[in-house]
Amino acid sequence: MKRLLVATGGGDCPGLNAVIRAVVHRASQEKDWEVLGSIQAFNGILWEPTEVVVLDNKKVAGIHFQGGTIIETTNKGGPFAWPIKDKNGNWTTVDRSDEMIRKLQIMHIDGVINIGGDGSQRISQKLYEKGLNIIGVPKTIDNDLSSTDSTFGFQTAVQIATEAVDKLVTTAASHNRVFILEVMGREAGWIALNTAVAGGAEVCLIPEIPYDINKVKDALEKRFHYDRGFAVVVIAEGAHAKNRKVVTKKNDEIGYENKRLGGIARQLIYQLKEAGFKQDMRETVLGHLQRGGIPTAYDRVLSAQFGIKAFDMALHGEWGKMVAYQHPNFVAVPLKDTIAKPNLVSPDNALVRTTKGLGISLGK
Ligand code: F6P
């Protein structure tokens, strides 16, 4: 009997369940393979008592269109930075990776499929370097993992954000207002750029291209004739004006090590007012609506392909690698390559050229 452990780590993302289901369905076609799921990323292994579930075809029936993850997730802590209180009562972290690997040996786990974004794949690589048989699957709505044409969940986020633009356009036009839609993406502008093109926005501001507030103001003013007009701006949460910092939020959640982004849409309104822009403006922060709910058909298909390939890699002992989509193929790439640098929008990207060609201002 071979035992495969599946874990989902980091922020949830549409398509996680579709990947899990694909792994389990594929495993059930092989003799003597059992699939277990660790609850809340690797917490299920590190907790006492252990929390794992058996994943069989019955357990994963009909989950391909469900948002979230049936085995839960977390973006706090992990085997290398487990939060504990020190003797003075202050929170600190300890490395429990060796203990976790030992536990996996005792549980007769032959390999792990770790479905997650860059943070999770960094953990995968470190565990692999310690001798654990591990395979990564690229999850994130941000699409910021390199080596793969796309991550799953991204397309759903763009669809949700585009539907938001479609709604905002009608209210913007009715009230002669500027609507500023803030979307997620961390340091990557992929969600914003795709949404702006799909939704027909007038301005799109992304982290990779710091904006000039006067250029943004000029682009918006062109949309108002005799004070009548409207416009939609799509801004990525990580965008910022030249010479200004990314807007972050304070976060005191124990074990949360990421920078929490958000609030740039409101800042943009202040900056535009300061620059002399006179029209009415409103902001909408889409937030976690981009991550919840059902995956698009595209993401379900992509997730299924990732899941099948991940199991095939386990079957053939291709450890230390991540499944990647490199059109038209699904390939195994070394984990260390995927985490070496993030996938950001380069200024000469074809989509940037399309954005400019459509007359969408990038504030430059
Ligand atoms: O990485 C995915 C993502 O949704 C980012 O786009 C966003 O900045 C972050 O996670 C939000 O994380 P949390 O769920 O911890 O608020």
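The values are calculated or read from the model by the stated rules, or taken from the named source; none is laboratory data. As the structure is a prediction and not an experimental result, all values here were calculated from the model. Cβ sites come from the backbone with ideal geometry, for glycine too, and all protein chains shown count toward neighbours.
Where the second residue is away from the ligand (no atom under 16 Å from the Cβ) and the first is closer than 11 Å to Glu187 by Cβ and lies in the stretch 233-247, which pairs have Cβ atoms under 7 Å and are six or more apart or on separate chains?
Sorted first by the residue in the stretch 233-247, then by its partner, the pairs are Ala239/Tyr211; His240/Pro210.
Is at least one residue of the stretch 187-197 more than 19 Å from Pro14 (Cβ to Cβ), away from the ligand (no atom under 16 Å from the Cβ) and among the β-branched types (Val, Ile, Thr)?
Checked against the condition, which is being more than 19 Å from Pro14 (Cβ to Cβ), away from the ligand (no atom under 16 Å from the Cβ) and among the β-branched types (Val, Ile, Thr), the stretch 187-197 yields at least one hit.
Looking only at the stretch 130-137, decide whether some residue is β-branched (Val, Ile, Thr), touching a Ser or Thr at 6+ places or on another chain (Cβ under 9 Å) and over 30 Å from Met1 (Cβ atoms).
No, because not a single residue in the stretch 130-137 is β-branched (Val, Ile, Thr), touching a Ser or Thr at 6+ places or on another chain (Cβ under 9 Å) and over 30 Å from Met1 (Cβ atoms).
Kindly indicate the residue of the stretch 114-147 that is within 13 Å of the ligand (Cβ to nearest atom) and of a type in the set (Val, Ile, Thr) and also surrounded by the fewest Cβ atoms within 10 Å (Cβ to Cβ) among those meeting that condition. Let's see the steps before the verdict.
First, the residues of the stretch 114-147 that are within 13 Å of the ligand (Cβ to nearest atom): 116-121, 138-145.
In the following step, the residues that additionally are of a type in the set (Val, Ile, Thr) were identified as 140-141.
Numbers: Thr140: 28, Ile141: 31.
Residue satisfying both the conditions and the ranking: Thr140.
I need every pair where a residue in the stretch 205-229 that is at positive phi has its Cβ under 9 Å from the Cβ of a residue that is part of a helix (DSSP H, G or I) and surrounded by 17 or more Cβ atoms within 10 Å (Cβ to Cβ), sequence separation at least 6 or different chains.
Gly229/Leu220
What are the residues in the stretch 1-36 that are more than 19 Å from Glu318 (Cα to Cα), surrounded by 24 or more Cβ atoms within 10 Å (Cβ to Cβ) and away from the ligand (no atom under 16 Å from the Cβ), if any?
Asn17, Ala18, Arg21
Mind checking which residues of the stretch 128-147 are in a loop (DSSP other than H, G, I, E, B), out of contact with any Asp or Glu (no Cβ under 7 Å at 6 or more places or on another chain) and under 30 Å from Val183 (Cβ atoms)?
Thr140, Ile141, Asp142, Asn143, Ser146
If you scan the stretch 246-273, which residues turn out to be more than 30 Å from Glu221 (Cα to Cα) and either acidic (Asp, Glu) or in a helix (DSSP H, G or I) (or both)?
So in the stretch 246-273, the residues more than 30 Å from Glu221 (Cα to Cα) come out as 249-260.
Hits for the stretch 246-273 are Asp252, Glu253, Glu257.
Please specify each residue of the stretch 30-46 satisfying the condition of being in contact (Cβ under 8 Å) with a residue 40 or more places away in the chain and charged (D, E, K, R).
Passing the criteria: only Glu30.
Restricted to the stretch 167-180, and to residues that are surrounded by fewer than 24 Cβ atoms within 10 Å (Cβ to Cβ) and not in a helix (DSSP H, G or I), which residue is farthest from the ligand (Cβ to nearest atom)?
The selected residue is Asn176.
Given Glu237, Glu274, Glu253, which one is under 30 Å from Asn90 (Cα atoms) and out of contact with any His (no Cβ under 6 Å at 6 or more places or on another chain)? Break it down into steps so the answer makes sense when it comes.
Values: Glu237 fails: under 30 Å from Asn90 (Cα atoms); Glu274 fails: under 30 Å from Asn90 (Cα atoms).
Residue meeting the stated conditions: Glu253.
Find the residue count for the stretch 2-31, including only residues that are part of a loop (DSSP other than H, G, I, E, B), more than 17 Å from Ile134 (Cα to Cα), modelled with pLDDT of 95 or more and not hydroxyl-bearing (Ser, Thr, Tyr). Give the derivation first.
The initial filter retains those residues of the stretch 2-31 that are part of a loop (DSSP other than H, G, I, E, B), namely 9-15, 28-31.
Next cut, more than 17 Å from Ile134 (Cα to Cα) only: 11-15, 28-31.
Now restrict to residues that are modelled with pLDDT of 95 or more: 11-15, 28-30.
If we keep only those that are not hydroxyl-bearing (Ser, Thr, Tyr) as well, we get 11-15, 29-30.
Within the stretch 2-31, residues that are part of a loop (DSSP other than H, G, I, E, B), more than 17 Å from Ile134 (Cα to Cα), modelled with pLDDT of 95 or more and not hydroxyl-bearing (Ser, Thr, Tyr) number 7.
If you scan the stretch 300-340, which residues turn out to be basic (Lys, Arg) and closer than 24 Å to Thr156 by Cα?
The answer is Arg300, Lys309.
Within the stretch 326-357, how many residues turn out to be closer than 24 Å to Ala192 by Cα and part of a strand (DSSP E or B)? So that I can check it myself, show each step before the final result.
Step one: list which residues in the stretch 326-357 are closer than 24 Å to Ala192 by Cα, which gives 326-327, 338-357.
So of that shortlist, the ones also part of a strand (DSSP E or B) come out as 326, 342.
So the answer is 2.
With the requirement that a residue be within 16 Å of the ligand (Cβ to nearest atom), of a type outside the set (A, V, I, L, M, F, W, C) and assigned to a helix (DSSP H, G or I), what does the stretch 288-302 give you?
Selection gives His288, Gln290, Asp299.
Taking the stated definitions as given, is Glu253 acidic (Asp, Glu), surrounded by fewer than 12 Cβ atoms within 10 Å (Cβ to Cβ) and modelled with pLDDT under 95? It would help to see each step written out before you state the result.
Numbers: acidic (Asp, Glu): yes; surrounded by fewer than 12 Cβ atoms within 10 Å (Cβ to Cβ): yes; modelled with pLDDT under 95: yes.
Here the answer is yes, as Glu253 does meet what is asked.
Consider the stretch 282-308. How many of its residues are surrounded by 17 or more Cβ atoms within 10 Å (Cβ to Cβ), of a type in the set (A, V, I, L, M, F, W, C) and under 17 Å from Val183 (Cβ atoms)?
2
Per-residue answers, yes or no, for (1) part of a loop (DSSP other than H, G, I, E, B); (2) at positive phi; (3) among the basic types (Lys, Arg); (4) at pLDDT below 95:
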residue	(1), (2), (3), (4)
Phe65	yes, no, no, no
Thr69	yes, no, no, no
Asn75	yes, no, no, yes
Phe80	yes, no, no, no
Asp98	no, no, no, no
Gly119	no, no, no, no
Arg122	no, no, yes, no
Lys126	no, no, yes, no
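Looking only at residues that are assigned to a loop (DSSP other than H, G, I, E, B) and surrounded by fewer than 18 Cβ atoms within 10 Å (Cβ to Cβ) in the stretch 224-245, which one is nearest to the ligand (Cβ to nearest atom)? First the steps, then the outcome.
As a first pass, look at the stretch 224-245 and keep what is assigned to a loop (DSSP other than H, G, I, E, B): 226-227, 230, 237-240, 242-245.
In the following step, the residues that additionally are surrounded by fewer than 18 Cβ atoms within 10 Å (Cβ to Cβ) were identified as 226-227, 242-245.
On the way: Tyr226: 39, Asp227: 36, Lys242: 22, Asn243: 23, Arg244: 18, Lys245: 16 Å.
Here the residue is Lys245.
Can you find a residue that is under 30 Å from Ala172 (Cβ atoms) and not assigned by TED's automatic domain parsing to the domain that holds Ala188 anywhere in the stretch 299-316?
yes
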